[in-house]
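Visitor: Okay, handing you the structure first.
Throughout, read-outs are computed from the coordinates displayed, never taken from laboratory work. Since this is a predicted model, take the numbers as computed values, not measurements. Glycine also receives a Cβ, built like all others from the backbone with ideal geometry; neighbour counts cover every protein chain displayed.
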Amino acid sequence: MSLDPKTLKFDDKGLIPAIAQDQGTGEVLMMAWMNAEAVAHTLETGRVTYWSRSRSAFWVKGETSGHVQELVEMRIDCDRDCLLVIVRQSGPACHTNRRSCFYTAIRDGDEVEVMSPMV
């Protein structure tokens, strides 16, 4: 059975959040947006493709940086309004050159940087 993107619940802009998780470590790497075409392209090519809201364009992860996300598996949450893309990540996932975009923790009410840039 293949995925029919019409069964997903996109927001009023035609987007759905996609959370990228590292296959080996289970670490949450990033969250970005996909539209129906990005979902289809990701499934067809195995290269995770997002929709850039700021550029209004498709963004194949790693196309310019070399920090590729290879799709291992795509999962749909119970409400069908969020995706989990399990990936093999090459290099940092965050544009700040950190392994994960979630590098700031709130500890005792203060923001604490818990991860340094890789490069």
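Visitor: Starting from segment 20-119, pick out the GluC sites (Glu not before Pro) whose DSSP state is loop and whose Cβ has at most 13 other Cβ atoms within 10 Å.
Guide: GLU63
Visitor: Pairing the Cα long axis of helix 36-45 with the longest principal axis of the chain, what angle in degrees results, from 0 to 90 and rounded to the nearest 10?
Guide: With rounding to tens, the tilt is 80 degrees.
Visitor: Can you give the FRET efficiency for LEU3 and THR104, using 1/(1 + (r/R0)^6), R0 = 30 Å, r = Cβ-Cβ distance, to the nearest 0.05?
Guide: 0.35
Visitor: Please list, or write none, the aspartates and glutamates whose alpha carbon is within less than 16 Å of the alpha carbon of LYS61, excluding same-chain residues fewer than 8 places away.
Guide: Of all the aspartates and glutamates, those that pass the test against LYS61 - Cα under 16 Å, at least 8 places apart if same chain - are ASP22, GLU37, GLU44, GLU70, GLU73.
Visitor: With no solvent and one point per C-alpha, what does the Debye sum give as log10 I(q)/I(0) for the chain at q = 0.16, 0.17, 0.19 Å⁻¹?
Guide: Results for the chain at q = 0.16, 0.17, 0.19 Å⁻¹ read -0.76, -0.85, -1.03.
Visitor: Calculate for the chain the 222 nm mean residue ellipticity that helices alone would give, adding -39,500 (n - 2.57) per DSSP H run of length 4 or more and normalising by residue count, nearest 500 deg cm²/dmol.
Guide: Rounded to the nearest 500, it is -2500 deg cm²/dmol.
Visitor: I would also like to ask the following. When averaged across all projection directions, what area in nm² does the alpha-carbon convex hull of segment 2-58 cover?
Guide: Averaged projected area of segment 2-58's Cα convex hull equals 4.5 nm².
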